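Visitor: Before I ask anything, let me first share the structure, which is written out below as structure tokens.
The values are calculated or read from the model by the stated rules, or taken from the named source; none is laboratory data. Because the structure is a prediction, the values reported are computed rather than measured. Every residue, glycine as well, gets a Cβ built from its backbone with ideal geometry; the counts of neighbours run over all protein chains shown.
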Amino acid sequence: MNCNSVRKYFYAFIDNELDVERNIEILAHLDMCYECSTKIEIERVIQNRVKESVLSISAPDSLKRSIAVMANPRPSFFSSLKEKLFANGVLKPVGAFVSLLLIITVFIVILSYNMQNEAFHIAESEYHHMLMNDMETDIRSKNKNAIKGYILDNVGLDVDLPDFRGNTKLIGASLSTINDKSVPLVYYMIGNVPAALYIGRDFDLNLSKAKRELINDMVIYKTDGDCGDCKIISWQGDDNQYIMISKINSNRMIGVLTSI
Amino acid sequence: MISTKDELISHIDSIYRSALYLAKNPEDAEDLVQETFIKAFKFLDNNKKIEYEKAWLFKILMNTFINQYRKSKSNPPLVDFDTVESYHASVEEEALNGPVMENKEKFDDLLDSEVKGALEALPDDFRIAILLSIVEGFTYNEISEILGIPIGTVMSRIYRGKKILKEELRSYAKGLGYERRQE
């Protein structure tokens, strides 16, 4: 074999892809040809350098994580429950009954929780709505009796509007709806911050997470609004429940109330 | 033997670096890797058996690249092999016959970016063959299986690819890589 024919097989030789016979021929030539053995050495260096360079790349951690998640998708609560309950054939009817019971319980708890907080949610969203609509109220009046009359005419509720002290002004009122029932919202300005007072009966509020405070023999509940900006206070009057929402803090809201 | 998903995931670095050299950018490479594993996992979920999982994964990667990626994206057209051949023929001739005794240390000192540049300058088909052979260490037979081409074609792609790659790297080693690319 001469140099040219040996060099034709260089790559296959390096890659160990030649048959034994040809391999021996190449080895014999390399043994006695300095030029070819140097050239093949350079080929090896190049290949190693390329290999080393590419092998230094590894997949980003974020990609590895997402592939791992794809490989083992977390089973949902109900499917894993189902899997466990139905794993044993004997458990089938029991499993079905238990999961049905569980689903109904969860459904009722979620539903009642939402219902109990619906008044807070609606009151707060009405408050936001009012802020955005530049105090667009159904009736505008600073007169307490005019507001009371409006509520009595439209909702049939004889409400007792609380007195406020300090720089608090009555602005007006509008109607909101909860459980298909009209509920009045009365608007005030405490300083230059608007406040909304939601008045009604049977709100059935979930106050387990609210803070309870006793002021002048009156229990006042304090909680945060969903927007993170608003504060909500609530108390029970003689006939009605009151929910007040404002961006001022709840202690200041309590501070301006005198009649409770 | 049935492979598990974890066994497949152990090849993710290999699959990613090849995807990176196929797609030539990290975003598309990640898409390619994700698609490859989605297909692989789906196959496993159907309890099908796999012979040699690394080669099998590469086959999925290559098919995904060729069928979806290369067709849909506006990639540069494949280089005409004959042009590439004649372009390098003179240099190669000189290299083969001339008494050029290069300093092998020069190749060792090549920067990763230079190796990357040289690899990316290769036509797709050559680059794929080179990566499977040099980097991943597949045999010519396995490469023929992965790419679905005859073994003779594998040998010729590897031979031509390595020749071109060496010339690219030689020009970098001589500090000419950038200038030559500018011509």
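Visitor: Pull up region B:113-145, narrow it to residues that are of a type in the set (Asp, Glu) and out of contact with any Leu (no Cβ under 9 Å at 6 or more places or on another chain), then point me to the one that is farthest from the other protein chains (Cβ to nearest Cβ).
Guide: Of the residues in region B:113-145, the ones of a type in the set (Asp, Glu) are B:114, B:120, B:124-125, B:136, B:142, B:145.
Next, from what is left, pick out any that are out of contact with any Leu (no Cβ under 9 Å at 6 or more places or on another chain): B:120, B:136, B:145.
Working: B:Glu120: 11, B:Glu136: 9, B:Glu145: 14 Å.
Per the criteria, the residue is B:Glu145.
Visitor: Hey, among the residues in region A:153-181 that are β-branched (Val, Ile, Thr) and surrounded by 13 or more Cβ atoms within 10 Å (Cβ to Cβ), which one's nearest to A:Ala119 (Cα to Cα)? Full working, then the answer.
Guide: Pass one, region A:153-181, residues β-branched (Val, Ile, Thr): A:155, A:159, A:168, A:171, A:177-178.
Keeping just the survivors that are surrounded by 13 or more Cβ atoms within 10 Å (Cβ to Cβ) gives A:155, A:159, A:168, A:171, A:178.
On the way: A:Val155: 17, A:Val159: 18, A:Thr168: 24, A:Ile171: 22, A:Ile178: 7 Å.
Among those that are β-branched (Val, Ile, Thr) and surrounded by 13 or more Cβ atoms within 10 Å (Cβ to Cβ), it is A:Ile178.
Visitor: Here is a further query. Just give me the residues in region A:144-160 being out of contact with any Gly (no Cβ under 9 Å at 6 or more places or on another chain) and part of a loop (DSSP other than H, G, I, E, B), in sequence order.
Guide: Result: A:Gly156, A:Asp158.
Visitor: Tally up the residues in region B:130-161 that are surrounded by fewer than 21 Cβ atoms within 10 Å (Cβ to Cβ) and in a loop (DSSP other than H, G, I, E, B), please.
Guide: So the answer is 5.
Visitor: In region A:198-243, which residues are among the aliphatic types (A, V, I, L, M) and free of Cβ contacts under 8 Å to residues at least 12 places away in the same chain? Steps first, please.
Guide: Taking region A:198-243 first, the residues among the aliphatic types (A, V, I, L, M) are A:199, A:205, A:207, A:210, A:214-215, A:218-220, A:232-233, A:243.
If the condition is that a residue be among the aliphatic types (A, V, I, L, M) and free of Cβ contacts under 8 Å to residues at least 12 places away in the same chain, then A:Leu214 is the only one that fits.
Visitor: Considering only region B:1-67, give the helices (runs of 4 or more DSSP H) lying wholly within it that have at least 3 residues that are out of contact with any strand residue (DSSP E or B) (no Cβ under 7 Å at 6 or more places or on another chain) and within 9 Å of another protein chain (Cβ to nearest Cβ).
Guide: Numbers: elements: B:5-9, B:12-23, B:26-45, B:53-64.
Here the list reads B:5-9, B:12-23, B:26-45.
Visitor: Which numbered condition trips up A:Ser56, out of (1) of a type in the set (S, T, N, Q); (2) loosely packed, with under 13 Cβ neighbours inside 10 Å; (3) at pLDDT below 70?
Guide: (3)
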